[in-house]
1. Before rounding to the nearest 500, sum -39500 (n - 2.57) across all DSSP H runs of length at least 4 in the chain and divide by the residue total; then give [θ] at 222 nm in deg cm²/dmol.
2. Among Phe158, Ser138, Leu77, which residue has its Cα positioned farthest towards the positive end of the charge dipole of the chain, with +1 placed on the Cβ of Lys and Arg, -1 on the Cβ of Asp and Glu, and the dipole taken about the Cα centre?
3. Take every Cα pair under 8 Å in the range 28-151 that's 6+ residues apart, average their separations, divide by the length, and report that relative contact order as a whole percent.
4. Among the listed pairs Lys47/Lys101; Lys12/Lys35; Lys12/Lys33; Lys63/Lys107, which are separated by more than 24 Å between their Cα atoms?
5. Counting C-alpha atoms alone, how compact is the chain: give Rg to one decimal and Dmax as a whole number, in angstrom.
6. At R0 = 45 Å, how high is the FRET efficiency between Lys85 and Trp177 if r is their beta carbon distance? Nearest 0.05 is fine.
7. If I require 15 Å or longer along the helix axis, counting alpha carbons, and a Kyte-Doolittle average no lower than 1.0, what helices from the chain are left? Use full DSSP H segments.
8. Would you mind calculating the gained length between Glu104 and Ala72 on full extension (0.36 nm times residue separation, minus the Cα-Cα distance), in nm to one decimal?
Amino acid sequence: MEASDKAENSNKWLNNLVAVSVVILTVFLAISKVKDDNIVQAMQKAKSESVDAWAEYQFARVKLHVDENGLAQLRLLETTGTIDKTLAAKQAAEYEADIAKYKERSKETRAKAEQLEKEYDRLNFHDDQFDMSEVFISIAIAVAAVSALVDSFLMLYFAWGSGAIGLMFGVAGFLGWNIRPEWLAQLLGT
């Protein structure tokens, strides 16, 4: 009878530990999922703005090219001597002003697009941390549940280890720590 009581107390203790572990991990997972979703929204915004900035950059480069060609043709026509010099000078000044404007706009939009791409990459880094956190916490919850079914403290310890890794990645994501194994990011990425 005494051995039966010890086994029952051990089983109850294991089940209590599993229950507390699952609750803690699930709550953390739910909170970090909200943060991860917000990061994904910010990533989508940064990517959209980056695409827009690159489109604006390309537009400015095309306009620059057109104006440079126009100025070159005007200069070529000036060599024929059959063109109104006053009108040609006015048109050349307009081309040169536009060329300067589009060169400056190109620099600005390129810098903006590159900055938005950096922001996307920064956000993606933290998104990966939350993804890794979710993976390890999900494994921990599943293994903890099985440990209760098979009465195995060893499996619960494994679940705690996996959960600790998941919590570490999640906390790193919240606090902006630079923790992300590249091999795991590649494995879980596209």
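1. Details: 4 runs with 172 residues, N = 190.
Per the formula, -33500 deg cm²/dmol.
2. Farthest towards the positive end: Leu77.
3. Relative CO of the range 28-151 lands at 47 percent.
4. Checking Cα-Cα distances, Lys47/Lys101; Lys12/Lys35; Lys12/Lys33 exceed 24 Å.
5. For the chain, the Cα radius of gyration and maximum Cα-Cα distance read 31.1, 118 Å.
6. Working: r = 67 Å, r/R0 = 1.49.
Plugging the Cβ-Cβ distance into 1/(1 + (r/R0)^6) gives 0.10.
7. Details: long enough: 2-78 (111 Å, -0.09); 85-149 (94 Å, -0.50); 153-175 (32 Å, 1.71).
Passing helices, by number: 153-175.
8. On the way: separation 32, 0.36 × 32 = 11.52 nm, distance 1.98 nm.
Computed gain between Glu104 and Ala72 is 9.5 nm.
Read the figures in this text as sums done on the coordinates, not as results from a lab. Owing to the predicted nature of the structure, the values given are computational and were not obtained by experimental measurement. No Cβ is skipped: glycine too gets one built from the backbone with ideal geometry, and neighbour counts run over all protein chains shown.
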